[in-house]
């Protein structure tokens, strides 16, 4: 027992990390369900993610001049028509690796604070805030690599090799991998508050209100909740996403773009094209958010149910009988 305790303390894992709580899951199982749901979402929504980045990236032509959003959208579609498979799969490798590098710190902090506060696998505001700030340095390099892989499709028609991106970054002591960290923190906070906290609570409310009166199951109520949350999420995060794309798709070997310069670029874009300039990619962003949120929570719920059933079968957890009239 002393060896196990000392080892868990050494790796900063709580002594009760694998102990099943009153929610029916251990913190380890809750974390595994979040990571599994994230993997499922990442694979399925990658084509939409890639398309949205290109729409935002092609806001400027190769000479650096702002173009009409309709032209940017047409160019992104042209890339997908010319290279459907490579464009759809671009960045999926770093994104899957990022499930570990990005999600373990984020979900680890999120669930760690949540379990500490007694919220279990249903985190609240403080858990989301802590996770957004503390996980940003781990998440940003993966997002930078992911965007750099797609950044030169128009010129080369191929994804940029990861090792080439790392070699270019190493020449500058890997500082370019942290471009865009500031807007990412805001993006991550909005994502956590709306996607990880708001959507499950809204889904539970919808299920309580409609589930008992209709035949709607968890999947349908989850889709409704995601459809309500997603437009709010995209309106909040789309400008931040634009800043990330501007800062992370410039040449690694060139001069980095600061947050202030990126903001000025978005302002100039809006001066020429109005709200269409600010919210480039918002339509596809809403579709992506609905798909991503629904896929993530469906995958998470599926694994949580499997873990809970396992715990009940093996006597680690006894489900309370439902109240009957």
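The values are calculated or read from the model by the stated rules, or taken from the named source; none is laboratory data. The structure displayed is predicted, hence computed values, not measured ones. Neighbour counts run over all protein chains shown; Cβ positions are idealised from the backbone, glycine included.
Residues of region 80-92 that are in contact (Cβ under 8 Å) with a residue 12 or more places away in the chain and either in contact with a strand residue (DSSP E or B) (Cβ under 7 Å, 6 or more places away or on another chain) or within 15 Å of residue 43 (Cα to Cα) (or both): 86, 87, 88, 89, 90, 91, 92.
Only one entry of 149, 155, 207 meets the criterion of being more than 19 Å from residue 239 (Cα to Cα), part of a helix (DSSP H, G or I), in contact (Cβ under 8 Å) with a residue 40 or more places away in the chain and in contact with a helix residue (DSSP H, G or I) (Cβ under 9 Å, 6 or more places away or on another chain), and that entry is 149. Among the conditions (1) over 30 Å from residue 79 (Cα atoms); (2) surrounded by 18 or more Cβ atoms within 10 Å (Cβ to Cβ), the only one that residue 117 does not satisfy is (2). Taken over region 1-31, the residue count meeting the criterion of being closer than 21 Å to residue 104 by Cα, at pLDDT below 80 and assigned to a helix (DSSP H, G or I) is 4.
Of the residues screened, residue 283 is one that is in a helix (DSSP H, G or I), under 27 Å from the mean Cα position of the chain (by Cα) and at pLDDT below 85.
Please count how many residues of region 130-140 are within 16 Å of residue 100 (Cβ to Cβ) and surrounded by fewer than 22 Cβ atoms within 10 Å (Cβ to Cβ). Within region 130-140, residues that are within 16 Å of residue 100 (Cβ to Cβ) and surrounded by fewer than 22 Cβ atoms within 10 Å (Cβ to Cβ) number 3. The residues of region 148-159 that are surrounded by 15 or more Cβ atoms within 10 Å (Cβ to Cβ) and at pLDDT below 80, listed by number, are 153, 154.
Please tell me if residue 243 is within 24 Å of residue 139 (Cα to Cα), in contact with a helix residue (DSSP H, G or I) (Cβ under 9 Å, 6 or more places away or on another chain), modelled with pLDDT of 85 or more and part of a helix (DSSP H, G or I). The answer is yes for residue 243.
Return yes or no: is residue 260 buried (at least 18 other Cβ atoms within 10 Å of the Cβ), assigned to a helix (DSSP H, G or I) and at pLDDT 80 or above? In short, no. Within region 118-146, the residues that satisfy the criterion of being closer than 25 Å to residue 170 by Cα and in contact (Cβ under 8 Å) with a residue 60 or more places away in the chain are 143, 144. State yes or no: is residue 267 more than 23 Å from residue 154 (Cβ to Cβ) and either surrounded by fewer than 16 Cβ atoms within 10 Å (Cβ to Cβ) or in contact with a strand residue (DSSP E or B) (Cβ under 9 Å, 6 or more places away or on another chain) (or both)? Considered against the rule, which asks whether it is more than 23 Å from residue 154 (Cβ to Cβ) and either surrounded by fewer than 16 Cβ atoms within 10 Å (Cβ to Cβ) or in contact with a strand residue (DSSP E or B) (Cβ under 9 Å, 6 or more places away or on another chain) (or both), residue 267 comes out as yes.
In region 193-206, the condition of being surrounded by 19 or more Cβ atoms within 10 Å (Cβ to Cβ) and at positive phi is met by no residue. The residues on offer are 145, 224, 246, 162, and the sole one that is within 26 Å of residue 43 (Cβ to Cβ) and buried (at least 22 other Cβ atoms within 10 Å of the Cβ) is 145.
From the list 70, 102, 77, 106, the one residue that fits, being without any contact (Cβ under 8 Å) to a residue 60 or more places away in the chain, buried (at least 22 other Cβ atoms within 10 Å of the Cβ) and either assigned to a helix (DSSP H, G or I) or under 22 Å from the mean Cα position of the chain (by Cα) (or both), is 102.
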